[in-house]
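Chemist: So that we are looking at the same thing, I have put the structure below in structure tokens.
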Amino acid sequence: MQPEPSLQTTVPARPPASRAFLILLIAITSIAPLALNMPMPALPGIARSLQAPIEVVQLTLSLYLVVVAVAQLVNGALSDRYGRRPVLIAGLALATVASIAAALASSIGYLIVARSFQAIGASAGIVLSRAIIRDLYDREQAATMLGWVTMAIMIVPLIVPYAGGVIDTTLGWPYIFISIAAMTAVVLAWAVAKLPETWRAPLASADPVRYRDDLAALFANRKFCGYVICCASGSALFFIMLGGAPHVVVTEMGRTPAELGLWLTTGAAGYMLGNYTSARYSQRVGVDRMVTWGSIAICLASAITTAWVWSRPHGGPLMLFAPQLITAFGNGLVVPNAIAGAISVRPRAAGTASGIAGFLQMAVGGIGAQAIAHIVAAYHSALPLALVLFGMALICLTSCLLLIRRP
């Protein structure tokens with residue numbers, strides 16, 4: 001769908017497609033996963049230091065995820081109203097201050113509040129980097145850029161937990177948050193110096209009625225609904241595997257946590273390969289076709305997993321993670337292209353669309369991960385995990401065929 005001529009944005013005539021600009025977008029997007037993953041190894045130390053139960057300390061992670069999901073809706077809508085640059089800079093500044101506050105926390109309640117504000121600020125990086133990319137590039141070019149960005153930030157959760165563990169062991173957990181504050185401040189200064197305003201919102205878009213109109217138009221658009229459902233259901237496969245695999249592999253199959261960690265790297269490897277493929281070929285092949293191919297790959301791989309587990313109920317991790325490599329690759333095709341499609345349906349509301357896509361990604365994934373943990377614990381088998389993965393894959397493929405590809 002093409003935007004109305006009167007609502008076109010004024011953007012730089014030549015998009016800043018330099019490598020430095022791409023790295024800046026990657027850095028902006030990386031703040032949220034950095035702040036999520038770096039403190040993970042320090043949770044026991046935080047519990048001892050603040051004399052809090054570990055289940056309460058766990059709220060510093062789970063509540064962080066909830067706030068990031070919801071805040072994307074707000075930050076996306078604000079960026080459509082006031083522009084990308086001021087909302088992003090305000091978010092990074094808030095994340096910096098909140099990280100310092102977390103380092104100074106003297107009670108678990110204070111730390112949870114600081115982490116919540118940190119999540120509000122960090123979420124701006126996720127939602128607005130996508131909107132900025134759509135401001136500057138057409139749909140297929142946006143999918144290419146999103147592929148590069150997503151592939152690069154996958155490295156963050158692989159590296160920073162180790163760094164967080166080292167800092168906690170040598171200096172103490174407050175220095176983890178000081179490190180996060182320092183890195184966020186560097187990205188903030190870089191954005192202030194180098195990030196242009198990419199969205200010149202017309203005065204009419206500041207009207208709340210316009211916001212409601214944009215929401216109504218987005219959800220009334222069949223292809224937008226297809227894109228966000230594909231994105232959410234595809235992403236949920238990753239979260240569901242993370243939620244179900246620990247019980248299945250460690251408890252039911254009797255394998256060690258270290259072995260589980262190695263098996264889980266197949267998902268990251270496949271996803272990065274899919275992102276790389278999207279970055280290289282989306283512009284040539286087209287967004288809708290890439291989403292279709294990825295959805296088919298996800299569905300076939302999930303069907304193989306289900307059949308394998310059904311035929312060998314006492315098999316090992318290979319029956320879960322060999323097909324998972326294909327599933328993750330398909331996800332790497334689906335997610336960046338579905339996001340590019342969603343934020344291109346109504347370009348004047350790219351921030352709002354990005355927020356909706358990001359919220360549904362995290363909400364559906366979080367609910368799925370929590371639900372599958374209880375299901376596999378109740379049935380003591382890998383089959384429920386395989387069936388849920390297959391069901392989610394069918395939702396992804398069906399949404400693609402009926403909502404995106406149907407004429």
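Chemist: Just the residues that are basic (Lys, Arg) and within 20 Å of the chain's Cα centre (by Cα), please, taken from the stretch 55-91.
Modeler: Going through the stretch 55-91, the residues basic (Lys, Arg) turn out to be 81, 84-85.
Residue satisfying the conditions is 84 alone.
So that you can scan it fast, the table gives a plain yes or no per residue for (1) modelled with pLDDT under 95; (2) at positive phi; (3) not in a helix (DSSP H, G or I):
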site: 42; (1), (2), (3): yes, no, no
site: 47; (1), (2), (3): yes, no, no
site: 52; (1), (2), (3): yes, no, yes
site: 66; (1), (2), (3): yes, no, no
site: 88; (1), (2), (3): no, no, no
site: 91; (1), (2), (3): no, no, no
site: 101; (1), (2), (3): no, no, no
site: 110; (1), (2), (3): no, no, no
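Chemist: Check the stretch 324-334 and report whether any residue there is farther than 21 Å from residue 401 by Cα and either surrounded by fewer than 24 Cβ atoms within 10 Å (Cβ to Cβ) or of a type in the set (Val, Ile, Thr) (or both). Steps first, answer last, please.
Modeler: From the stretch 324-334, those farther than 21 Å from residue 401 by Cα are 324-325; that's our starting set.
With the extra rule that they be either surrounded by fewer than 24 Cβ atoms within 10 Å (Cβ to Cβ) or of a type in the set (Val, Ile, Thr) (or both), the set shrinks to 325.
Yes, the stretch 324-334 has at least one match.
Chemist: Failed condition for residue 105, given (1) at pLDDT below 90; (2) outside any helix (DSSP H, G or I), with all others met?
Modeler: Here residue 105 meets the rest and fails (1).
Chemist: What pairs come out if I take residues in the stretch 168-179 that are assigned by TED's automatic domain parsing to the domain that holds residue 40 and surrounded by fewer than 20 Cβ atoms within 10 Å (Cβ to Cβ) and pair them with residues that are among the charged types (D, E, K, R) and part of a helix (DSSP H, G or I) whose C-beta lies under 9 Å away, six or more apart or interchain?
Modeler: As it stands, the answer is 175/168, since those pairs meet every condition given.
Chemist: Name the residues in the stretch 154-169 that are out of contact with any Leu (no Cβ under 9 Å at 6 or more places or on another chain) and not aromatic (Phe, Trp, Tyr), would you?
Modeler: Our first condition is that a residue be out of contact with any Leu (no Cβ under 9 Å at 6 or more places or on another chain); within the stretch 154-169, this holds for 154-155, 158-159, 161-169.
Of everything in the stretch 154-169, those that are out of contact with any Leu (no Cβ under 9 Å at 6 or more places or on another chain) and not aromatic (Phe, Trp, Tyr) turn out to be 154, 155, 158, 159, 161, 163, 164, 165, 166, 167, 168, 169.
Chemist: Follow-up. Does residue 273 satisfy the criteria of being more than 17 Å from residue 240 (Cα to Cα) and in the same structural domain as residue 339 (by TED's automatic domain parsing)? Let's see the steps before the verdict.
Modeler: Numbers: more than 17 Å from residue 240 (Cα to Cα): yes; in the same structural domain as residue 339 (by TED's automatic domain parsing): yes.
When the stated conditions are applied, residue 273 passes them.
Chemist: Taking the stretch 147-183 as the region of interest, how many residues are under 28 Å from residue 277 (Cβ atoms) and modelled with pLDDT of 90 or more?
Modeler: Count: 3.
Chemist: Output the residues belonging to the stretch 53-82 that are surrounded by fewer than 19 Cβ atoms within 10 Å (Cβ to Cβ) and small (Gly, Ala, Ser).
Modeler: 62
Quick grid of which residues meet (1) touching a Lys or Arg at 6+ places or on another chain (Cβ under 9 Å); (2) crowded, with 16+ Cβ neighbours inside 10 Å; (3) modelled with pLDDT of 75 or more:
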{"residue": "191", "(1), (2), (3)": "yes, yes, yes"}
{"residue": "216", "(1), (2), (3)": "no, no, yes"}
{"residue": "221", "(1), (2), (3)": "yes, yes, yes"}
{"residue": "227", "(1), (2), (3)": "no, yes, yes"}
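Chemist: Is at least one residue of the stretch 358-372 surrounded by 23 or more Cβ atoms within 10 Å (Cβ to Cβ) and more than 16 Å from residue 236 (Cβ to Cβ)?
Modeler: Scanning the stretch 358-372, I find no residue that is surrounded by 23 or more Cβ atoms within 10 Å (Cβ to Cβ) and more than 16 Å from residue 236 (Cβ to Cβ), so the answer is no.
The values are calculated or read from the model by the stated rules, or taken from the named source; none is laboratory data. Note that the coordinates shown come from a computational prediction; the quantities given were computed from them, not determined experimentally. Quick reminder, even Gly has a Cβ in these numbers, built from the backbone with ideal geometry, and neighbours come from all protein chains shown.
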